[in-house]
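No lab work stands behind these numbers, since they all come straight from the coordinates. Everything numeric here is computed off the predicted structure, so don't read it as measured data. Here Cβ is always computed from backbone atoms with ideal geometry, including for glycine, and neighbour counts include all displayed protein chains.
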Amino acid sequence: MMVFDTSFLKQKETPSEFVWSSDYLTEAANEDLNEPLIDLNDFAKGDKEAMARACELVKKACVKHGFFQVTNHGVNPLVIEAAYDEMSSIFGLPVDVKLKAKRQLCSFQGYSGGHAVRWSTNLQWKEAYDCEYSNQGSDSHIVEQFKSAFGDKLDKHTGEVYQRYCDAMKGLSEVIMEVLAMSLGVGRLYFKEYFKNGGGIMKCNFYPRCDFSNLTLGSGPHSDPTGVTILHQDQVGGLEVSIDNKWLAVTPRPEAFVINIGDTFQALTNGKYKSCLHRALVSREKERRSLAYCIIPNKDKTVKPPEELLGEKEERQYPDFKWSDLFTFIQGHYRPDNHTLRNFVQWLHSSKSNND
C-alpha cells in the first residue's frame, strides 16, 4: 500500500500513484462561481421578506449547482480557529502512529493518506482524518474516538476541540435544514426531523504544498454522497465546481461556511436540487486546510422525497432506498463521481435481482 508521508515533498518527481491523467487536469478556474451569500441573521430575526428573498436565492442556486454560502451563522470564530490549529497535532504525528489509526473499509472513522486504503491510482494529494458524530451520542463521543484511535499520542485537548466543533455543526445543520425546507416549500421542520436521528461525518483535510501541483489533485472530481456538506476553507483557495463542463472557483470567506448539496439530498428532492461535481486543487506555494461536516441520516432511514414535493404526475427519478445501501455502495464498490446516484440505482437493482 502506498503511504503518504512528507518525504514526497522532497522528491524530484511526483510518485506515479498521485499523477492524474490529462482528462482530469484541466486548467484552474479563472472565474468565480458567484454562489449566493445568505445572511442567517434574517432567519434568526424572523424577517419574513428577507427570508423569502434568501430562500429564492438558495433555490435558484440549488437547482443549478447546489452551492451557497452562509454568514452570521452563530459559530464562534474561536471554535473554528482551534479546529484548524489542532490539525497540526494530528497530521504532525509520525507516519506509523497515523497508520495505526487508519480508516478501515466501510467505516466513517480514521486516518487516510491520499485515500490509499481504497485506491491504488489517482491518489489524492492530501491527508485526512474523519470521525463520526451522532446526534444521539454521548456528550464526549468525539473525545472517545480520538482516545481510541491515538491513545496517549494525542493530548485529550484535541478531541475536546473537535467535540466542540461538531456540537456547533449540529446546531448549524439544523438551521440549514430549515432554510432548505423553506426554499422547497415543504414544512419548515421536515428535513430537520428527517435527519434528527442521524449525525455527521467530520473531516479534517490537509493538503500539503506540492511542487508538481499541475500533475495531481487534492480531491478528484466527485459529488458528495451524503446529505448536505458544511465546509469551512482557509484562505488559500482551491475549491472548484463544474458547471456546464467549466470549472468555477468558490471564493474563500473567513466569516462564511460553504454549503453544498449531496447525492442523498438530491434523491430526497427527486433531483430538483443538484449534487454537483467539485474538486480541490493543491498549491505549489502554500499548504491548504479545510473542515468539512457532512450531514447524514440514520443508516436505516429510507431515502424518498416528501409527498408534498412531488407533483401528481411527476416521475420518480430514484427508487426508495435505505441510506445504509448507498453507504455500502460508495464504501465497497464505487468511487464517487457525477454519476454516483445513477450507478448506485443500477447496482441496487442488480443486487436485489441476485438476491431474489
Practice prompt. Measure nothing but the geometry: give the 0 to 90° angle between the long axis through the Cα atoms of 340-355 and the longest principal axis through the Cα atoms of the chain, rounded to 10°.
Written response: 90 degrees
Item to complete: Using per-residue counts of other Cβ atoms within 10 Å, averaged over each peptide, order 24-33, 156-165, 265-274 from highest down.
Response: 265-274, 156-165, 24-33
Worksheet item: Magnitude of the Cβ-charge dipole of segment 129-220, K/R +1 and D/E -1, about the Cα centre, nearest 20 debye?
Response: 140 debye
Worksheet, complete the sentence: With a 21 Å threshold on alpha-carbon distance, the violating pairs from Lys98/Lys203; Lys59/Lys322; Lys60/Lys272; Lys170/Lys301; Lys192/Lys313; Lys246/Lys286 are Lys59/Lys322; Lys192/Lys313; Lys246/Lys286
Worksheet item: From Cα coordinates alone, what are the radius of gyration and Dmax values for segment 177-220 in angstrom?
Response: 18.5, 50
Worksheet item: Charges only on Cβ, +1 for Lys and Arg, -1 for Asp and Glu: so what's the dipole of the chain about the Cα centre, in debye to the nearest 20?
Response: 480 debye
Worksheet item: Gain in length, Asp155 to Thr26, computed as 0.36 nm per residue apart minus the alpha-carbon separation, to one decimal in nm?
Response: 42.3 nm
Fill in: Backbone HN-Hα couplings from phi across segment 178-186 [Karplus 6.51/-1.76/1.60, Hz, Gly and Pro as x]
5, 4, 5, 4, 5, 5, 8, x, 9
Discussion item. Can you tell me the orientation of helix 48-64 relative to the chain, as the angle in degrees between its alpha-carbon axis and the longest Cα principal axis, to the nearest 10?
Written reply: 60 degrees
Worksheet item: Along the charge dipole of segment 44-162, which of Gly92, Phe146, Tyr111 sits closest to the positive end, that is, farthest toward it, with unit charges on the beta carbon of Lys, Arg, Asp and Glu (+1, +1, -1, -1)?
Response: Tyr111
Worksheet entry | Cα centroid of segment 330-345 to Cα centroid of segment 13-69, whole Å | 22 Å
Discussion item. Please list, ordered by chain and number, the residues whose modelled amide H lies under 5 Å from the amide H of Phe321; skip anything fewer than 5 residues away on the same chain.
Written reply: Val303
Practice prompt. Express the relative contact order of the chain as a whole percentage, based on alpha carbon pairs under 8 Å and six or more residues apart in sequence.
Written response: 21 percent
Item to complete: Determine the shape class of segment 18-355: with a ≥ b ≥ c the square roots of the Cα gyration tensor eigenvalues, call it rounded for a/c under 1.5, and otherwise prolate if a/b is greater than b/c, oblate otherwise.
Response: rounded
Worksheet item: Rounded, prolate or oblate: which fits segment 80-185, taking a ≥ b ≥ c as square roots of the Cα gyration tensor eigenvalues, rounded meaning a/c under 1.5, else prolate when a/b beats b/c?
Response: oblate
Worksheet item: What shape does segment 138-292 have by the C-alpha gyration tensor, where a ≥ b ≥ c are the square roots of the eigenvalues, rounded means a/c under 1.5, and otherwise prolate means a/b greater than b/c and oblate the rest?
Response: oblate
Response to the item:
Output ordering of 149-155, 62-68, 280-286 (per-residue mean of other Cβ within 10 Å, highest first) is 62-68, 280-286, 149-155
Practice prompt. Treating the angle as unsigned and between 0 and 90°, give the value, to the nearest 10°, between the Cα long axis of helix 323-332 and the longest Cα principal axis of the chain.
Written response: 30 degrees
Worksheet, complete the sentence: Under 5 Å from the placed amide H of Ile243, counting only residues 5+ away or on other chains, we find Leu248
Worksheet item: Along segment 121-126, what does the Karplus equation 6.51 cos²θ - 1.76 cosθ + 1.60 (θ = phi - 60°) give for ³J(HN,Hα), rounded to whole Hz, x for Gly and Pro?
Response: 10, 6, 6, 9, 7, 6
Fill in: Using θ = phi - 60° and Karplus 6.51 cos²θ - 1.76 cosθ + 1.60, couplings along segment 304-311 (whole Hz; Gly, Pro as x)
7, x, x, 4, 5, 8, 9, x
Worksheet item: Which order, highest average first, do 314-322, 340-348 follow once you tally other Cβ atoms within 10 Å for each residue and take the mean per peptide?
Response: 340-348, 314-322
